[in-house]
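Trainee: Have a look at this one.
The values are calculated or read from the model by the stated rules, or taken from the named source; none is laboratory data. What you see is a predicted model, and the numbers here were worked out from it, not measured in a lab. Cβ coordinates were reconstructed from backbone atoms using ideal geometry, including for glycine residues, and neighbour counts include every protein chain displayed. Side chains included, ligands, DNA and RNA excluded: accessible areas come from the protein's heavy atoms. Shrake-Rupley method; radii C 1.70, N 1.55, O 1.52, S 1.80 Å.
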Amino acid sequence: MSRKRVVSATINGDLVEFLCEPRQTLLEVLRNVLELTGAKEGCSNGNCGACTVLMNGRPVVSCLVLAMEAEGAEIRTIEGVACGSHLDEVQQAFLQGAALQCGICTPGFIMQTEALLAENPQPSEDEIRFYLAGNLCRCTGYDKIVRAVQSAAAQRQQASHSTQATR
Amino acid sequence: MADIQYSWPDRDSSKVIGGRQIRLDGMAKSTGAAKYAYDINLKNMLVARALGSPHAHCTIKSIDSAQAEKVPGVVHVHVLDHAKPGREIRWQGELLVIVAAETEAAAMEGVSKLRVEYEPLEVFVDEFNLEAAKKAGRTSKDGGKVQLEKEPGDDEDEATFADKELERLFKQSAHVVEGFYGIDAITHCCLEPHGATVYWDNDQLIAYLSTQNVSGTDEGFANDLKIPADKIEVRCQYVGGGFGSKFAPDYWGTAAARIAKATGRPVKLMLSRDQEFKLGGNRPSAYLKVRLGADKDGVVTVWDSDHWSSPGADGPGVPQGVIPYVFAPKNYRRAVTKVTTNNGPARAWRAPNHPQGCAITQTAYDDMAARMGISSYDLFLKNLGTDDSPGVAGAKPSVYAAEMEIAARLIDWKAKWHPHGKGARRGDIVDGLGMSLHTWGGGGHESTCTVKIHPDGGVESFCGTQDIGSGTRTVCAMVLAETFGLGVDAIRINYGSSRFPVSGPSGGSTTVGGVSESHRRAGQEALAKICEMVAEKLGVPAAELIADDGRIKARGDAKKSVAWKEACAMLGMKPLEVTATFRPSRNKSPLSDTKVGGVQMAHVEVDTRTGLIRMRKFVAVQDMGLIINRRLAESQIYGAVIMGIAYSLFEQRISDPASGAFLNADMSKYNLCRLGDIGEIVVEMYEPESERSRGVIGLGEPPVIGPGAAISNAVCNALGFRVPVLPLTPQRVLEAIKNNAGRA
């Protein structure tokens, strides 16, 4: 067993230091060390997207990222999306649009959507389907997920226009 | 108190029932706060990992765990009983030894240090190949049935008579089709694997189990561990998919409990993804050879089929009862052969046996339409019969006929249908339409619920049910909110513990029927007691009081009313508790019913150069009696349809015939639908008063039955010939094109 190292990262806005072994994945540390179990382990080889988190703003499947690679990084997980009980537009759209059933894939889809809308605020339907194609839903809510992402994008656009109008 | 007449409010006066309430667990699920069994981390917990058999068939010669026990962090090594030396292992992945350690890494390293000697045995996994299975001695007769309008004479041998009579009927038929159809085995592939986190509190076992059966799995633990069931509590608030595969603690669950007992520490044991594929359940394959005859109008009058089915190493295959599916020709002979292999044992998969029955027989009906050069729609319609003289089982012919009309309108059948293989080509692309019918029971299971009304007006219920994603919590809250005239947020639903009143497992689409029955009954009884108290105060007979808009009111005289809280305050210091049970019986309940019908239609494009199939549109029309929550009901149908598209086009368990290895037990190789694969989906819920008045009927399974046949029929309509076995992979499409050279 290799020696544990200390890693410092900003997780959901808080500077966090944690101990990890060089072989441990970011997912393992999030779930088992930091108690952030919102990211789910679906496949452990990057094919289901259930463990998606944002690393320096980019979506990563945290089962394929070593925890040590998070040194100095800014990590955002599903636990950092809502503000208290106030859901953001994406979460609200998933909830309103019934885009979740068993819910196990939901955190991954929401994080991937956050990345999509940050990169491309007005994605076309094809762009949504392409960008979220790495996330699996077994229940399966794909159709409603696409609608929820469209709705979240529209909500954000509307909010952004309102903000500009009041300036 | 007068007997309670259980009932639902009619459509116009329903305030909550039939609405689009968002799911109550949505906040927890969309923020990551929801804790599934594999999210439960307990203080001082050990993590367990298991070694699975690399061989599909072998005997265990010896197990040496000495090196594993020396791995730093390894705390306990548990050899499973069925893996003791001399025991036979019959499928790849079967767990042999479990290693519990301080960390997952240590447990995995411990597993890698286990030394097991195996004696490999002969392997058979080629369930598609009946002749090879016979040669390998892997087949057995698995039932059959003959039904003929004519009966044999007293001295006539029944089998000989059947042979002759069937021949006579085929000769008499205006059209005869012979065909072969099949559907491969698929796995459940739950995104949260099977497993549990367990601990002992003195002599009490607490098991956080990923389960569809909260009230039934304590008994499972008790039987395996030989302890009284009252020493066990199973907990499950969230389940990451089950689809029929999570009804028992499984031997790995009880092994976790044994390790926890031996070490005095909590233990988490979840299957790895590879093990989940191999052990977590699969749906039996089925392959059918059939000859069917129809009269000049296309009504099938005679059916003669042999099919074989494999549940892997254990369990039942697809029975003769679903052959042919929905349609009930007047004369038939059907025989089944079971093929036993060295694949993992099958488990119930969403609407057990119906998807297979539908896929391998309604394709034959569609081929009859092709043979006659008529639209499948017309042929299916002619075979429905009438409500007085049905040609179908399950739902009434009039329900199917009405649903067919709606589906045809939504997919524009009349404008888009063309004779099989005669559509316009766009380069290499041909398109086609196909349809299917399905039925399912969906009657509510036994369910007991305790409703507790507090003197401060608070309402909660306790029920040993579970929410597997279908929305049980939301449905229960809506039923009580409607009953007490309150908002859904005012109701607290307690479920997910085997300590609560017993409710059935979530299988067979029985949950919503069961829990809505028990909650409505307990609710109506509790309300009657509240009304009795209020009656005296208002000077109105209790029977004339209703709960509405947060008040108990005199019917027709809103001035005579008290606020709900005021009414509850009359309870004094003690809350009111009412327990009610629903037990399914032969007598029709006023609140629920059984048997639904649905119609599905698919529009596909086939690329004849690459063999790729693209979904253009899928229409699902579904009857489900009274709808409690329209939003969640829609989700169930969308989900089922997409799962159906997955098994029609992509999903397939691939086993190596030489070694028996499950070759694609990995998310990268086991293909599931992705967002870009599903096309447009249209869901229409069929809820005329005639069906709504039947009461609640479960919905989780019926819409997953039909996509196989509908999509296969659409592909056949596009190409002009059948791609006989699902999933319709590009390889199979190209093979069919080659076999039908010149026809595509």
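Trainee: For region B:525-565, list the strands (runs of 3 or more DSSP E) that sit wholly inside it and hold at least 3 residues that are touching a strand residue (DSSP E or B) at 6+ places or on another chain (Cβ under 7 Å) and open to solvent by less than 60 Å² (accessible area, probe 1.4 Å); which are they?
Mentor: Strands (runs of 3 or more DSSP E) meeting the threshold: B:551-554, B:557-563.
Trainee: Restricting to region B:84-102, name every residue that is closer than 15 Å to B:ARG49 by Cβ and out of contact with any helix residue (DSSP H, G or I) (no Cβ under 8 Å at 6 or more places or on another chain).
Mentor: Matches in region B:84-102: B:GLU102 only.
Trainee: While we're here: Could you list all residues from region B:573-587 that are among the hydroxyl-bearing types (Ser, Thr, Tyr) and surrounded by fewer than 10 Cβ atoms within 10 Å (Cβ to Cβ)?
Mentor: The answer is B:SER585, and nothing else.
Trainee: To continue, here is another question. Could you please give the count of residues in region B:63-78 that are crowded, with 16+ Cβ neighbours inside 10 Å and either in the same structural domain as B:ASN664 (by TED's automatic domain parsing) or more than 29 Å from A:VAL29 (Cα to Cα) (or both)?
Mentor: Residues flagged as crowded, with 16+ Cβ neighbours inside 10 Å and either in the same structural domain as B:ASN664 (by TED's automatic domain parsing) or more than 29 Å from A:VAL29 (Cα to Cα) (or both) within region B:63-78 amount to 1.
Trainee: Of the conditions (1) under 30 Å from B:TRP8 (Cα atoms); (2) β-branched (Val, Ile, Thr); (3) in a helix (DSSP H, G or I), B:VAL715 clears all except one; give me its number.
Mentor: For B:VAL715, the failing item is (1).
Trainee: Follow-up question, since we're still on this one. Applying the selection to region A:4-38, what residues are in contact (Cβ under 8 Å) with a residue 12 or more places away in the chain, surrounded by fewer than 15 Cβ atoms within 10 Å (Cβ to Cβ) and more than 21 Å from B:LYS43 (Cα to Cα)?
Mentor: Selection gives A:ARG5, A:VAL6, A:SER8, A:GLY13, A:PRO22, A:ARG23.
Trainee: Report, ordered by the first and then the second residue, all pairs with beta carbons closer than 7 Å, sequence separation of six or more or different chains, a first member in region B:33-50 that is within 23 Å of A:GLN91 (Cβ to Cβ), and a second member that is of a type in the set (Asp, Glu) and in a loop (DSSP other than H, G, I, E, B).
Mentor: B:ALA34/B:ASP25; B:TYR36/B:GLU192; B:TYR38/B:GLU192
Trainee: I've got another one for you. Looking at B:VAL683, B:VAL641 in this structure, which one is within 11 Å of chain A (Cβ to nearest Cβ), open to solvent by 10 Å² or more (accessible area, probe 1.4 Å) and either farther than 18 Å from B:ALA602 by Cα or of a type in the set (A, V, I, L, M, F, W, C) (or both)?
Mentor: B:VAL683
Trainee: While we're here: Looking at B:ARG609, is it open to solvent by 10 Å² or more (accessible area, probe 1.4 Å) and either of a type in the set (A, V, I, L, M, F, W, C) or in a strand (DSSP E or B) (or both)?
Mentor: no
Trainee: Only one of (1) assigned by TED's automatic domain parsing to the domain that holds B:LEU663; (2) in contact with a strand residue (DSSP E or B) (Cβ under 7 Å, 6 or more places away or on another chain); (3) buried (at least 23 other Cβ atoms within 10 Å of the Cβ) fails for B:VAL339. Which number is that?
Mentor: Condition (1) is where B:VAL339 drops out.
Trainee: Looking only at region B:118-152, filter to residues that are small (Gly, Ala, Ser) and assigned to a loop (DSSP other than H, G, I, E, B); which one of those is least open to solvent (accessible area, probe 1.4 Å)?
Mentor: The qualifying residue least open to solvent (accessible area, probe 1.4 Å) is B:ALA136.
Trainee: Additional query: Does B:ILE206 fit the bill of being among the aliphatic types (A, V, I, L, M), out of contact with any helix residue (DSSP H, G or I) (no Cβ under 9 Å at 6 or more places or on another chain) and either within 14 Å of chain A (Cβ to nearest Cβ) or within 20 Å of B:LYS268 (Cα to Cα) (or both)?
Mentor: Yes.
Trainee: With the condition kept exactly as written, say whether any residue in region B:487-503 is more than 24 Å from B:ARG350 (Cβ to Cβ), open to solvent by 20 Å² or more (accessible area, probe 1.4 Å), among the acidic types (Asp, Glu) and part of a strand (DSSP E or B).
Mentor: no
Trainee: Looking at region B:372-393, which of its residues are touching a helix residue (DSSP H, G or I) at 6+ places or on another chain (Cβ under 8 Å) and among the β-branched types (Val, Ile, Thr)?
Mentor: Within region B:372-393, B:THR386, B:VAL392 meet the criteria.
Trainee: Tell me whether region B:378-397 contains one or more residues that are of a type in the set (Gly, Ala, Ser), at pLDDT 95 or above and in a strand (DSSP E or B).
Mentor: Yes, that holds for at least one residue.
Trainee: In this structure, is B:ALA107 within 14 Å of another protein chain (Cβ to nearest Cβ) and at pLDDT 95 or above?
Mentor: So B:ALA107 fits the description; yes.
For every residue, the table says whether it meets (1) at the interface with chain A (Cβ under 8 Å from one of its Cβ atoms); (2) out of contact with any Asp or Glu (no Cβ under 8 Å at 6 or more places or on another chain); (3) open to solvent by 20 Å² or more (accessible area, probe 1.4 Å); (4) not β-branched (Val, Ile, Thr).
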position: B:SER7; (1), (2), (3), (4): no, yes, yes, yes
position: B:ASP12; (1), (2), (3), (4): no, yes, yes, yes
position: B:ILE22; (1), (2), (3), (4): yes, yes, yes, no
position: B:GLY26; (1), (2), (3), (4): yes, yes, no, yes
position: B:ASP39; (1), (2), (3), (4): yes, yes, no, yes
position: B:LEU42; (1), (2), (3), (4): no, yes, yes, yes
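Trainee: Follow-up. With the checklist (1) farther than 29 Å from B:PHE721 by Cα; (2) part of a helix (DSSP H, G or I); (3) open to solvent by 20 Å² or more (accessible area, probe 1.4 Å) in hand, flag the one item B:GLY676 doesn't pass.
Mentor: Answer for B:GLY676: the failing condition is (1).
Trainee: Look through region A:126-154, keep the residues that are surrounded by fewer than 17 Cβ atoms within 10 Å (Cβ to Cβ) and more than 10 Å from chain B (Cβ to nearest Cβ), and return whichever of them is farthest from A:VAL60 (Cα to Cα).
Mentor: Restricting to residues being surrounded by fewer than 17 Cβ atoms within 10 Å (Cβ to Cβ) and more than 10 Å from chain B (Cβ to nearest Cβ), the top hit is A:ALA154.
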